[in-house]
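The values are calculated or read from the model by the stated rules, or taken from the named source; none is laboratory data. Just so it is clear, the model here is predicted, and its values are computed rather than measured. So basically every Cβ, Gly included, is an ideal-geometry build from the backbone, and we count neighbours across all protein chains shown.
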Amino acid sequence: MQPAGKVSLDCVDAAELAVDGEWWRIYEDSFPPAEREPAEVVLRSLRASVGLAFRARQDGVTVGIATTHLLLRPAAVFVVYLALDRARRNAGLGGTLLEYAWQTSARRLEEQHSPPLGLVWEVDDPTAAVGQAEDLLREGRISFFRRHGGVELPRPYRQPPVNGTEPVPMRLMFRGSAVPDALGIEALVRAIYFEKYGAVNQVPEEILQDLLWGSA
């Protein structure tokens with residue numbers, strides 16, 4: 001038996017991502033339909049140079065995926081998706097891919113003279129889960145991000161509807177040199193809502209305003 005090849009990491013453009021069937025298989029396998037934005041939205045963000053897509057590959061096959069959005073007001077890296085093929089989980093690759101996505105995205109912002117204040121991302125709310133198995137999965141994801149420096153932000157949060165009609169209860173986590181104060185957290189949420197979900201996903205402004213004030 002040939003030994004498995006070394007894992008490589010890369011940042012891919014929209015044309016290459018569109019034809020990577022394994023990338024999209026992992027994407028569909030890893031996220032529930034309500035949290036999975038249409039493929040065209042992912043590709044649109046890359047074409048507009050506001051989003052980046054990443055993959056981990058082994059023997060020419062994609063085994064891990066990630067996407068980020070480059071927030072500007074304030075400058076921060078928003079991790080939209082991070083997932084591994086089921087056979088590659090719990091072996092350290094997720095943390096490696098997270099760091100690669102952060103470093104590459106931060107460098108892109110710095111090239112735009114917008115050094116990021118940190119990394120921010122959404123996690124499923126364990127208190128909103130249905131069933132012990134899902135509870136454990138959600139707690140496991142939060143534990144993973146804590147091990148990689150993340151802290152939960154003290155603010156209620158709902159993800160705007162990306163593939164349906166209802167927002168999804170979530171939590172926000174952050175990693176940076178200092179946790180933002182209340183005003184800084186509000187600025188981050190506003191940037192996520194309007195720079196990402198409004199501008200790229202085209203969620204109507206009135207829905208975002210309702211979520212912004214309803215969750216604050």
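Computed quantities for the displayed model
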{"read-out": "Qualifying residue in region 201-214 (condition: in a helix (DSSP H, G or I) and within 26 Å of H148 (Cα to Cα))", "value": "no"}
{"read-out": "1 or more residues buried (at least 18 other Cβ atoms within 10 Å of the Cβ) and aromatic (F, W, Y): qualifying helices (runs of 4 or more DSSP H) within region 5-67", "value": "21-30"}
{"read-out": "Whichever residue in region 118-176 is in contact with a Gly (Cβ under 8 Å, 6 or more places away or on another chain) and assigned to a strand (DSSP E or B) and, among such residues, is surrounded by the fewest Cβ atoms within 10 Å (Cβ to Cβ)", "value": "G176"}
{"read-out": "Conditions (1) surrounded by 18 or more Cβ atoms within 10 Å (Cβ to Cβ); (2) part of a helix (DSSP H, G or I): number failed by A87", "value": "(1)"}
{"read-out": "Condition met for Y100 (in a helix (DSSP H, G or I), at pLDDT 95 or above, in contact with a strand residue (DSSP E or B) (Cβ under 8 Å, 6 or more places away or on another chain) and closer than 18 Å to D10 by Cβ)", "value": "yes"}
